[in-house]
1. Would you mind telling me the share, in percent, of accessible area of the chain contributed by carbon and sulfur at probe 1.4 angstrom?
2. Quick check for me: using +1 on Lys/Arg Cβ and -1 on Asp/Glu Cβ, what's the dipole size of the chain about its Cα centre, in debye to the nearest 20?
3. Mind giving me the nanometre distance, one decimal, between the label points for Arg64 and Glu41, set 7 Å out from Cα along Cα→Cβ?
4. Counting other Cβ atoms within 10 Å of each Cβ, which GluC sites (Glu not before Pro) in the chain have at most 12 and sit in a DSSP loop?
5. If you line up the long axis of helix 4-20 against the longest principal axis of the chain, both from Cα atoms, how many degrees apart are they, to the nearest 10?
6. Can you give the translational diffusion coefficient of the chain in µm²/s, computed by Stokes-Einstein from the Kirkwood radius over Cα pairs at 10 °C and 1.306 mPa s?
7. Find which of Asn33, Asn47, Leu18 sits farthest along the positive direction of the dipole of the chain, computed with +1 on the beta-carbon of Lys and Arg, -1 on that of Asp and Glu, about the Cα centre.
8. Kindly express, to the nearest 10 degrees and within the range 0 to 90, the angle between helix 55-70's C-alpha long axis and the longest C-alpha principal axis of the chain.
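The values are calculated or read from the model by the stated rules, or taken from the named source; none is laboratory data. Only a predicted model underlies this, so the values are computations on that prediction, with no experimental measurement involved. When we count neighbours, we look across all protein chains shown, and the Cβ atoms used for this are built from the backbone with ideal geometry, even at glycine. When the accessible area is computed, the model is the full protein with side chains, heavy atoms only, and any ligands, DNA or RNA have been set aside. Shrake-Rupley method; radii C 1.70, N 1.55, O 1.52, S 1.80 Å.
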Amino acid sequence: MTTNAQKIMALAHFESALAAGGKHFQLRLIDDNTVELTDLEGGAMKNINIALDNVPAMLYDILRQGGDWIM
């Protein structure tokens, strides 16, 4: 089972990867099932449901639900 610390570390790495591509977002783990996605340039926020408990599934959920902003 993935811990919250592992999810937070993965989110930090994902933020860095996005920033390397010129996309500036903050990803914050709110609780076991929710990540808050914030567009740092526009200020808009969106909550992402991450019901599955492993890092690849969490990243997939973020891209699936927030991909329209991220891409």
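1. Numbers: 2380 of 4240 Å².
Here carbon and sulfur together make up 56 percent of the probe-accessible area.
2. Details: 5 positive and 9 negative charges, 24 e Å.
About 120 debye.
3. 2.7 nm
4. Values: sites: Glu15, Glu36, Glu41; in loops: Glu41.
Those satisfying the criteria are Glu41.
5. 20 degrees
6. Details: Rh = 12.0 Å.
Reported coefficient: 133 µm²/s.
7. Leu18
8. 20 degrees
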